[in-house]
Amino acid sequence: MNQIDLKQRHAVVTGAAQGIGFSIARRLVASGASVSLWDRDETLLKAAEKELRKQGTVSTEVVDVSSADNVEAAAKATAQKHGGIDILVANAGIAGPNHKTWEYPIDAWKQIIDINLTGVFLCCRAIVPYMLQQNYGRIVNVASIAGKEGNANASAYSASKAGVIAFTKSLGKETADKNIAVNCITPAAARTRIFDQLSQEHIDFMLSRIPRGRFLEVDEVSAMIAWLVSEENSFTTGAVFDLSGGRATY
């Protein structure tokens with residue numbers, strides 16, 4: 001493992017209690033950062049905290065990223081605890097059910113947009129002011145290859161992740177002169193608990209589209225993010241980094 005230097009940096013990782021988020025938090029701790037784990041599942045959050053405290057400094061906040069009040073309160077508490085926030089990885093998200101667009105449940109559509117897109121906006125809205133105060137910050141928003149291509153029977157998820165890509169580009173332009181880098185990644189599917197929300201037919205479809213012939217490993221995501229949130233990433237902002245195993249054509 002390459003050693004990225006994140007010493008003296010404090011990071012917030014959303015959806016950090018399991019899967020990709022936990023892997024990201026573990027990698028950032030291994031790189032020397034202190035990390036605040038944000039998740040809405042308190043039980044899983046406590047287990048993640050217990051595990052990561054063996055490696056470094058972590059704290060937790062129970063947060064529903066779709067709630068502006070929740071996010072604002074968590075950002076304030078985190079900044080007070082750690083003296084500021086240098087890094088945000090907005091990872092929290094859900095897949096939602098698989099349906100044709102004209103049959104898609106409206107409540108499910110709204111929930112996916114609220115968590116996957118509005119949640120990213122709310123976290124950035126709450127945390128960017130702390131970065132502006134110190135003229136430094138690194139943000140990575142977790143989008144998806146579905147946001148580039150649009151997956152059949154997953155219109156809500158695809159639309160939410162396309163929104164994350166466009167949002168990242170907008171925020172990157174707004175903060176480009178403030179030594180704040182804002183980028184996003186577009187991973188292909190990784191075999192995590194999010195698969196529990198998907199039909200086997202949809203899982204098989206996703207695998208068939210990946211030229212490497214396998215699903216993404218969560219540690220491959222965290223390896224890319226570790227560099228993106230480092231001080232070495234001093235020029236790239238508003239960009240989209242592909243992790244699709246060769247699936248993406250642009």
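Derivation of every value follows stated rules applied to the coordinates shown; laboratory data play no part. Since this is a predicted model, take the numbers as computed values, not measurements. Positions of Cβ are generated from backbone atoms using ideal geometry, with glycine treated the same way; all protein chains shown enter the neighbour counts.
Here are a few things to note about the model shown:
- q = 0.13 Å⁻¹, region 101-250: log10 I(q)/I(0) [Debye, one scatterer per Cα]: -0.62
- Cross-link table Lys50/Lys178; Lys76/Lys173; Lys110/Lys173; Lys7/Lys46; Lys81/Lys148; Lys7/Lys173, entries beyond 30 Å C-alpha to C-alpha: Lys50/Lys178; Lys81/Lys148
- Between region 189-249 and region 93-115, the alpha-carbon centres lie 21 Å apart.
- For region 177-192, Karplus couplings with θ = phi - 60° (6.51, -1.76, 1.60), whole Hz, Gly/Pro x: 8, 10, 6, 10, 9, 10, 10, 9, 10, 10, x, 6, 5, 10, 7, 10
- Residues Thr192, Thr43, Thr237, arranged from fewest to most other Cβ atoms within 10 angstrom of their Cβ, appear as Thr43, Thr192, Thr237.
- Distance from the alpha carbon centroid of region 122-152 to that of region 1-25 works out to 15 angstrom.
- Helical segments meeting 27 Å axial Cα length and Kyte-Doolittle -0.5 threshold in the chain (DSSP H): 155-174
- Arg193 versus Ala73: modelled label distance in nm, points set 7 Å from Cα along the beta carbon direction: 2.3 nm
- Sorted fewest first by neighbouring Cβ atoms within 10 angstrom, Tyr250, Tyr136 come out as Tyr250, Tyr136.
- For the pair Asp107 and Ala152, label points projected 7 Å from Cα toward Cβ lie 2.9 nm apart.
- Near Phe241, the amide H atoms lying under 5 Å from its own belong to Cys184, Ile185, Thr186; only residues 5 or more places off or on other chains count, and H is placed 1.01 Å from N.
- The charge dipole of region 30-77, taken about its Cα centre with unit charges on the Cβ of Lys, Arg, Asp and Glu (plus for the first two, minus for the last two), comes to roughly 300 debye.
- The calculated FRET efficiency for the pair Ser170 and Lys54, based on their C-beta separation and a Förster distance of 51 Å, comes to about 0.85.
- The stretch between Gln133 and His99 holds 7.8 nm of extra length on full extension. This uses 0.36 nm per residue minus the Cα-Cα distance.
- Cβ-based net charge around Leu45, under 15 Å, with every Lys or Arg adding one and every Asp or Glu removing one: -1
- Basic side chains Lys and Arg get +1 at the Cβ, acidic Asp and Glu get -1 at the Cβ, and with that the dipole of region 67-182 about its Cα centre reaches some 220 debye.
- Each of Gly96, Val13, Asn116 was scored by the projection of its Cα onto the charge dipole of the chain, and the greatest displacement toward the positive side belongs to Val13; charges sit on the C-beta of Lys, Arg, Asp and Glu.
- Cα pair count fraction exceeding 29 Å, expressed as % - the chain: 23 percent
- From helices alone, the chain scores -13000 deg cm²/dmol at 222 nm; the rule is -39500 (n - 2.57) for each run of n ≥ 4 DSSP H residues, then divide by the residue total.
- About its Cα centre, the dipole of the chain is roughly 340 debye, where the only charges are +1 on Lys and Arg Cβ and -1 on Asp and Glu Cβ.
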